[in-house]
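Structure, as structure tokens:
The values are calculated or read from the model by the stated rules, or taken from the named source; none is laboratory data. Being a predicted model, the structure only gives us computed values, none of them experimental. Virtual Cβ from ideal backbone geometry, glycine too; neighbours counted across all protein chains shown.
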Amino acid sequence: MRRREFIAGGAQLAAGLLATRVAFAEARGGRARFVLVILRGALDGLAAVPPLGDPDYPGLRRELAFRGPGEPGGALPLDGFFGLHPALGFLHECYGSRELTVLHAVASPYRERSHFDGQDVLENGTSHPHALQTGWLNRALSASPTRGGREAGVSLGQNLPLVMRGPAAVTSWSSSRLAALDEDTLARITDLYAGDALLAPRLADALAANAIAAAGEGDGGMPKPVDGPGAARGKARYAEVVRAAAGFLRREDGPKVAVFDTSGWDTHANEGAAQGQLAGRLAELDAGLAMLRTELGTTWKDTAVLLVTEFGRTAALNGTRGTDHGTATVAFLLGGAVAGGRVLADWPGLAAHRLYQGRDLAATLDVRALLKGVLAEQLDVSPQSLEREVFPDSSAIRPLRGLIRA
């Protein structure tokens, strides 16, 4: 979609649907549900939603560039320009049933490359890391007239994430089983030692060597999907979290909002294409979302699920057949309440002079515009609250409109 089409389309949606949407929101009352899924570790948006129509894409991704729909290992078709990773079959089904909107070239205001600070900005709702000790979603729940019963939201995981901390009463739930050490933990350790001239390069070399050593043989050097008892336990925990989230949201007097996260998206080495490390992660995510729809039952029709990550990854592959920390990426909005079947992207292009700092997909959509639009239309948070309380100092960021069905 060209820039003029992107802007004009948003303006038409805002003008044509606003009155209808207000009436719909009032009639819907407390049935609306919202699920936030944070993909910790920085998802590669150019792999999850490859820009097949960009002439510079194949040269940057080389042997890991996706072929077109219908070809072996090819991407799933979306709008003729973008494709979808073949591991995301359920999301593709949602796109076909107009229950998925894909948003590309999205980023928070953060422009550095630390997981810690990137996630903090994504969750605190400001332009700077550690600017607030509360999260935008909790503040939105406090301002929402449809916040639900005693607890407005539920967080599922070992710790209450920053995005859910604040004045609104929320509850939490965690599995009794402890999670195994994963790639996200290793990524955090890498960030911790990033400034150490002695340890940082040695840790990076060790992680890259370990990933290469773990790659499968006889498959062109591509890593095999993670399997075995550890992977089985991880999948079981993921399923447990999804079922618990659905159980909370199905209750009429329960929380209206649920938050959980997934990890392992820091694909520095042996990322893979249609198969491999990233494909395995995406397949697990896709299966979890399909389970969420099943477990929610009739509640799915009133639900919006938003998937976001702290930043993207470099446009070109690195020397270990992976990608490093980048800038813009992709976000997914799905659910029965979503006005889907679209890709929204003011595409900046992948030519060398179009890349941010000569290495990253440039951001053309502030994630706060997406968040504002979802909160306004799904949780009925007022424009005044969105600008003053939920996302302070964001008056220049206009909310996307027409994201939720009228």
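Yes/no matrix, rows are residues, columns are (1) more than 17 Å from R62 (Cα to Cα); (2) assigned to a helix (DSSP H, G or I); (3) hydroxyl-bearing (S, T, Y):
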| position | (1), (2), (3) |
| --- | --- |
| A258 | yes, no, no |
| T267 | no, no, yes |
| N270 | no, no, no |
| L292 | yes, yes, no |
| G297 | yes, yes, no |
| W300 | yes, yes, no |
| V305 | yes, no, no |
| V308 | yes, no, no |
| N318 | no, no, no |
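Among the candidates G335, G373, G312, single out the residue that is on the phi > 0 side of the Ramachandran plot and in contact with a strand residue (DSSP E or B) (Cβ under 9 Å, 6 or more places away or on another chain). If you could, list the steps in order and put the result at the bottom.
Details: G373 fails: on the phi > 0 side of the Ramachandran plot; G312 fails: on the phi > 0 side of the Ramachandran plot.
Checking each option against the conditions leaves just G335.
Taken over region 280-298, residues that are under 14 Å from the mean Cα position of the chain (by Cα) and on the phi > 0 side of the Ramachandran plot amount to 0.
Given E71, E123, E112, which one is closer than 24 Å to T185 by Cα, without any contact (Cβ under 8 Å) to a residue 12 or more places away in the chain and among the acidic types (D, E)? Quick ask: steps written out before the conclusion?
Values: E71 fails: closer than 24 Å to T185 by Cα; E123 fails: without any contact (Cβ under 8 Å) to a residue 12 or more places away in the chain.
Exactly one residue qualifies, and that residue is E112.
Just one of the numbered conditions (1) more than 21 Å from the chain's Cα centre (by Cα); (2) at negative phi is not true of R321; which one? It is condition (2) that R321 fails. The set of residues from region 106-119 being within 12 Å of the chain's Cα centre (by Cα) and of a type in the set (G, A, S) comprises A107, S108.
Residue selection: A246 fails the criterion of being among the aliphatic types (A, V, I, L, M), at pLDDT below 65, in a helix (DSSP H, G or I) and buried (at least 17 other Cβ atoms within 10 Å of the Cβ).
Residues of region 361-395 that are outside any loop (DSSP other than H, G, I, E, B), polar (S, T, N, Q) and more than 19 Å from the chain's Cα centre (by Cα): Q384, S385.
What strands (runs of 3 or more DSSP E), lying completely within region 85-174, carry at least 1 residues that are in contact with a Pro (Cβ under 8 Å, 6 or more places away or on another chain) and on the phi > 0 side of the Ramachandran plot? Let's see the steps before the verdict.
Numbers: elements: 100-107, 153-156, 170-173.
Filter on region 85-174 gives 100-107.
A single entry from G335, G312 fulfils the requirement of being within 11 Å of D44 (Cα to Cα), under 18 Å from the mean Cα position of the chain (by Cα) and surrounded by 24 or more Cβ atoms within 10 Å (Cβ to Cβ): G312.
Identify, please: which residue in region 346-360 is buried (at least 16 other Cβ atoms within 10 Å of the Cβ) and not in a loop (DSSP other than H, G, I, E, B) and is, among those, farthest from the chain's Cα centre (by Cα)? Looking at residues that are buried (at least 16 other Cβ atoms within 10 Å of the Cβ) and not in a loop (DSSP other than H, G, I, E, B), I get Y356.
Would you confirm, using the coordinates I've provided, whether R398 is assigned to a loop (DSSP other than H, G, I, E, B) and surrounded by fewer than 19 Cβ atoms within 10 Å (Cβ to Cβ)?
Details: assigned to a loop (DSSP other than H, G, I, E, B): yes; surrounded by fewer than 19 Cβ atoms within 10 Å (Cβ to Cβ): yes.
Here the answer is yes, as R398 does meet what is asked.
One residue stands out among those in region 1-60 that are surrounded by fewer than 19 Cβ atoms within 10 Å (Cβ to Cβ), not acidic (D, E) and not in a helix (DSSP H, G or I): the one that is modelled with the lowest pLDDT, which is M1.
For region 185-206, the criterion of being modelled with pLDDT of 70 or more, exposed (fewer than 15 other Cβ atoms within 10 Å of the Cβ) and closer than 30 Å to S144 by Cα is met by no residue. Looking across region 250-261, the residues that are buried (at least 23 other Cβ atoms within 10 Å of the Cβ) and either out of contact with any Ser or Thr (no Cβ under 6 Å at 6 or more places or on another chain) or within 24 Å of P50 (Cβ to Cβ) (or both) come down to P255, K256, V257, A258. As a summary of the residue check, A269 satisfies the conditions (1) under 19 Å from the mean Cα position of the chain (by Cα); (2) crowded, with 18+ Cβ neighbours inside 10 Å except for the one numbered (1).
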